[in-house]
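Engineer: Sharing a structure here in structure tokens format.
The values are calculated or read from the model by the stated rules, or taken from the named source; none is laboratory data. As the structure is a prediction and not an experimental result, all values here were calculated from the model. Note: ideal-geometry Cβ built from the backbone for every residue, glycine included; neighbour counts use all protein chains shown. Accessible surface areas use protein heavy atoms only, side chains included; no ligands, DNA or RNA. Shrake-Rupley method; radii C 1.70, N 1.55, O 1.52, S 1.80 Å.
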2 protein chains.
Amino acid sequence: MEMNFNQHISGQFNADLEAIRNHMMGMGGLVERQVANAIEAICSGDTRVADDVIRREDEVDKMEVNIDHECTQILVRRQPAASDLRMVLAVSRVVRDLERIGDEASKIAIHTLEVADNSSNQLCQQAMRYMGAEVVKMISGALDAFARHDVDGAIDVVRNDKLVDQQYASALRELITYMMEDPRSIGQAINILWILRAIERIGDHARNISEQVIYLVKGTDVRHSSLTEIEEQANKD
Amino acid sequence: MEMNFNQHISGQFNADLEAIRNHMMGMGGLVERQVANAIEAICSGDTRVADDVIRREDEVDKMEVNIDHECTQILVRRQPAASDLRMVLAVSRVVRDLERIGDEASKIAIHTLEVADNSSNQLCQQAMRYMGAEVVKMISGALDAFARHDVDGAIDVVRNDKLVDQQYASALRELITYMMEDPRSIGQAINILWILRAIERIGDHARNISEQVIYLVKGTDVRHSSLTEIEEQANKD
């Protein structure tokens with residue numbers, strides 16, 4: 001009888017853990033679409049898409065608060081230990097990064113509206129498109145790695161973040177050159193600057209999500225660690 | 001006997017809670033000094049102060065990881081409930097914001113080194129000094145409010161964040177005008193832009209810390225809420 005009772009409890013517990021993971025993945029899917037749409041909006045100049053991204057930011061925010069609340073409830077009611085506890089803590093950190101990615105997507109959309117109907121939205125188009133596609137891939141890569149407990153996949157994301165940082169630095173130089181050549185465009189070019197920065201920040205958050213995969217699987221906190229340090233941790237048993 | 005045992009356990013528990021709160025306050029003190037020194041460095045052009053801020057960022061990072069680890073240990077070992085649980089969760093969120101403030105302080109110091117020995121470090125001096133002083137006050141105000149469970153103090157910080165946002169917008173306009181008048185200075189002016197942005201972000205993080213005071217005292221999650229909504233929550237019993 002007690003055995004059944006415990007099994008019952010543990011079945012519910014697993015269902016709770018499954019639920020927060022699924023909700024996190026659902027939030028991840030929405031956030032990934034928000035970023036892809038924001039990039040699409042800036043590249044095509046389609047203001048309806050930008051409006052839609054801004055409107056849906058609320059949904060992302062609510063998801064963060066709800067999932068974080070679910071995590072707290074599990075901590076209180078189930079008192080998880082070891083890998084279960086790591087799952088709950090990792091989910092609650094990941095949703096925070098997802099929320100910030102949603103924030104950056106919405107900033108991109110806002111600046112898109114500010115440069116709409118203006119020739120300077122053509123500035124750094126190629127860099128934005130390329131970096132944008134890269135960070136969308138990083139978000140989905142980080143979430144896949146989380147779902148599959150895939151440390152190698154997580155490290156790939158950290159590696160790609162370095163590439164995005166380099167692209168960002170080079171796009172910045174291009175933009176500054178442009179501003180010097182055509183000072184009247186500076187006000188508009190600053191909008192492009194914020195967009196490039198937002199894309200670069202999204203890459204950082206995707207990297208943070210990947211770091212939680214390593215925490216989940218290896219139990220080591222690799223925040224603030226370099227790529228080499230992370231690779232070392234990943235190769236430990 | 002059992003009574004004594006429980007008292008003993010509960011005494012240790014309180015000591016643990018006290019410890020994370022004290023460590024958080026210690027970290028807060030360091031982070032506040034980092035910001036004050038970064039602002040001092042940019043206003044005085046003293047590169048040694050800037051170097052010192054960059055060097056001490058590691059300390060801030062380590063404090064975050066350590067305190068977050070302590071919080072996890074309390075969750076596992078003590079299984080806190082109600083207001084004790086809120087304390088642990090609030091501390092772990094506050095240290096994350098403190099770490100990000102430390103990050104922004106270090107960015108300010110890095111850009112200070114980039115504009116050193118250049119006349120454009122005089123740009124927006126007044127705005128940087130004023131906004132800088134304001135956000136340092138906000139950090140200490142938010143931490144004081146946390147220590148004293150002072151909801152009104154927390155709301156003051158949220159209110160000041162709005163002022164800093166306005167100062168930021170006006171400094172940005174000033175900077176863009178300057179860039180248009182003297183396009184050769186654009187590269188340097190962009191450094192000032194990042195510094196203004198970092199100061200503005202520090203204000204946002206101080207606001208986040210204040211929101212945790214309301215969570216701690218009232219039990220309501222007010223992230224993503226407007227000032228008015230926060231005031232309403234604060235007035236509830």
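Engineer: Could you grab me the full set of residues in the stretch A:88-117 that are within 17 Å of residue A:27 (Cβ to Cβ) and out of contact with any helix residue (DSSP H, G or I) (no Cβ under 6 Å at 6 or more places or on another chain)?
Structural biologist: Step one: list which residues in the stretch A:88-117 are within 17 Å of residue A:27 (Cβ to Cβ), which gives A:88-106.
Result: A:89, A:96, A:103.
Engineer: A further question follows. Within the stretch A:118-237, which helices (runs of 4 or more DSSP H) (wholly inside it) include 2 or more residues that are under 13 Å from the mean Cα position of the chain (by Cα)? If you could, list the steps in order and put the result at the bottom.
Structural biologist: Values: elements: A:125-147, A:151-181, A:186-218, A:227-235.
Because the criterion is at least 2 residues that are under 13 Å from the mean Cα position of the chain (by Cα), the helices (runs of 4 or more DSSP H) in the stretch A:118-237 that meet it are A:125-147, A:151-181, A:186-218.
Engineer: While we're on this one: Of all residues in the stretch B:161-194, count the ones that are within 19 Å of residue B:112 (Cβ to Cβ) and touching a Lys or Arg at 6+ places or on another chain (Cβ under 8 Å).
Structural biologist: Selection size over the stretch B:161-194: 2.
Engineer: Sticking with this structure for a sec: Between B:103, B:97, B:61, which is at the interface with chain A (Cβ under 9 Å from one of its Cβ atoms) and within 16 Å of the chain's Cα centre (by Cα)? Full working, then the answer.
Structural biologist: Values: B:103 fails: at the interface with chain A (Cβ under 9 Å from one of its Cβ atoms); B:97 fails: at the interface with chain A (Cβ under 9 Å from one of its Cβ atoms).
One residue alone meets the criteria, B:61.
Engineer: Still on this model: Output the residues belonging to the stretch B:66-83 that are of a type in the set (Gly, Ala, Ser) and either within 11 Å of chain A (Cβ to nearest Cβ) or surrounded by 19 or more Cβ atoms within 10 Å (Cβ to Cβ) (or both). Full working, then the answer.
Structural biologist: At the first step, the residues of the stretch B:66-83 found to be of a type in the set (Gly, Ala, Ser) are B:81-83.
Result: B:81, B:82.
Engineer: Here are the criteria: (1) touching a Leu at 6+ places or on another chain (Cβ under 8 Å); (2) more than 17 Å from residue A:223 (Cβ to Cβ); (3) open to solvent by 10 Å² or more (accessible area, probe 1.4 Å). Tell me which single one residue B:63 does not satisfy.
Structural biologist: With (1) touching a Leu at 6+ places or on another chain (Cβ under 8 Å); (2) more than 17 Å from residue A:223 (Cβ to Cβ); (3) open to solvent by 10 Å² or more (accessible area, probe 1.4 Å) applied to residue B:63, the lone miss is (2).
Engineer: Report yes if some residue within the stretch A:129-147 is among the acidic types (Asp, Glu) and farther than 20 Å from residue A:103 by Cβ; otherwise report no.
Structural biologist: Of the stretch A:129-147, the ones among the acidic types (Asp, Glu) are A:134, A:144.
In the following step, the residues that additionally are farther than 20 Å from residue A:103 by Cβ were identified as A:144.
Yes, the stretch A:129-147 contains a residue that is among the acidic types (Asp, Glu) and farther than 20 Å from residue A:103 by Cβ.
Engineer: Of everything in the stretch A:206-222, what is open to solvent by less than 30 Å² (accessible area, probe 1.4 Å) and within 12 Å of chain B (Cβ to nearest Cβ)? Give them in sequence order. Steps first, please.
Structural biologist: Taking the stretch A:206-222 and keeping what is open to solvent by less than 30 Å² (accessible area, probe 1.4 Å), we get A:206, A:209-216, A:222.
Residues satisfying the conditions are A:211, A:215, A:222.
Engineer: Name the residues in the stretch A:84-93 that are more than 8 Å from chain B (Cβ to nearest Cβ) and out of contact with any Gly (no Cβ under 8 Å at 6 or more places or on another chain), would you? Let's see the steps before the verdict.
Structural biologist: Taking the stretch A:84-93 and keeping what is more than 8 Å from chain B (Cβ to nearest Cβ), we get A:84, A:86-88, A:90-93.
Listed by number, the residues that qualify are A:84, A:87, A:88, A:90, A:91, A:92, A:93.
Engineer: Still on this structure, I have one more. Return the only residue of B:216, B:196, B:227 being in contact with a His (Cβ under 8 Å, 6 or more places away or on another chain) and touching a residue at least 60 places away in the same chain (Cβ under 8 Å).
Structural biologist: On the way: B:196 fails: in contact with a His (Cβ under 8 Å, 6 or more places away or on another chain); B:227 fails: in contact with a His (Cβ under 8 Å, 6 or more places away or on another chain).
Only one candidate passes the filter, namely B:216.
Engineer: Give me a count of the residues in the stretch A:188-205 that are within 11 Å of chain B (Cβ to nearest Cβ), β-branched (Val, Ile, Thr) and closer than 26 Å to residue A:29 by Cβ.
Structural biologist: Number of matching residues: 0.
Engineer: Just to confirm my filter: which helices (runs of 4 or more DSSP H) fall fully inside the stretch B:1-93 and include at least 1 residues that are closer than 25 Å to residue A:79 by Cβ? Can you show your working first?
Structural biologist: Values: elements: B:2-44, B:47-55, B:57-78.
Filter on the stretch B:1-93 gives B:2-44, B:57-78.
Engineer: Something else now. So which residues in the stretch B:35-58 are within 18 Å of the chain's Cα centre (by Cα) and open to solvent by less than 50 Å² (accessible area, probe 1.4 Å), if there are any at all? Outline the logic, then answer.
Structural biologist: So the first thing to find is which residues in the stretch B:35-58 are within 18 Å of the chain's Cα centre (by Cα), and the list is B:35-40, B:53-54, B:56-58.
B:35, B:36, B:38, B:39, B:53, B:57 - these are the residues of the stretch B:35-58 that are within 18 Å of the chain's Cα centre (by Cα) and open to solvent by less than 50 Å² (accessible area, probe 1.4 Å).
Engineer: What are the pairs, 6+ residues apart or on separate chains, where a residue within the stretch B:100-127 that is closer than 26 Å to residue B:60 by Cβ and of a type in the set (Lys, Arg) has its Cβ under 9 Å from a residue that is open to solvent by less than 20 Å² (accessible area, probe 1.4 Å) and at pLDDT 85 or above?
Structural biologist: Listed pairs, sorted by first residue: B:100/B:202; B:100/B:205; B:107/B:38; B:107/B:194; B:107/B:195; B:107/B:198.
Engineer: Hey, could you check the stretch B:223-237 for residues that are surrounded by fewer than 18 Cβ atoms within 10 Å (Cβ to Cβ) and away from chain A (no Cβ under 14 Å) and say which is nearest to residue B:159 (Cα to Cα)?
Structural biologist: Filtering the stretch B:223-237 for residues that are surrounded by fewer than 18 Cβ atoms within 10 Å (Cβ to Cβ) and away from chain A (no Cβ under 14 Å), the one nearest to residue B:159 (Cα to Cα) comes out as B:227.
Engineer: Inspect all residues belonging to the stretch B:134-141 and state whether any of them is facing chain A (nearest Cβ under 10 Å) and open to solvent by 60 Å² or more (accessible area, probe 1.4 Å). Full working, then the answer.
Structural biologist: Just the residues of the stretch B:134-141 that are facing chain A (nearest Cβ under 10 Å), to begin with: none.
For the stretch B:134-141, residues facing chain A (nearest Cβ under 10 Å) and open to solvent by 60 Å² or more (accessible area, probe 1.4 Å): absent.
Engineer: With the structure loaded, tell me whether residue A:110 is closer than 20 Å to residue A:212 by Cβ and either among the small types (Gly, Ala, Ser) or in a helix (DSSP H, G or I) (or both) or whether it fails that test. Lay out the reasoning, then the answer.
Structural biologist: On the way: closer than 20 Å to residue A:212 by Cβ: no; either among the small types (Gly, Ala, Ser) or in a helix (DSSP H, G or I) (or both): yes.
No: the conditions fail for residue A:110.
Residues are listed down the side, and each one gets a yes or a no for (1) among the small types (Gly, Ala, Ser); (2) over 23 Å from residue B:40 (Cβ atoms):
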| site | (1), (2) |
| --- | --- |
| B:171 | yes, no |
| B:176 | no, yes |
| B:182 | no, yes |
| B:205 | no, no |
| B:215 | no, yes |
| B:220 | no, yes |
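Table: residues versus (1) open to solvent by 10 Å² or more (accessible area, probe 1.4 Å); (2) closer than 29 Å to residue B:236 by Cα.
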| residue | (1), (2) |
| --- | --- |
| B:127 | yes, no |
| B:151 | yes, yes |
| B:157 | no, yes |
| B:186 | no, no |
| B:195 | no, no |
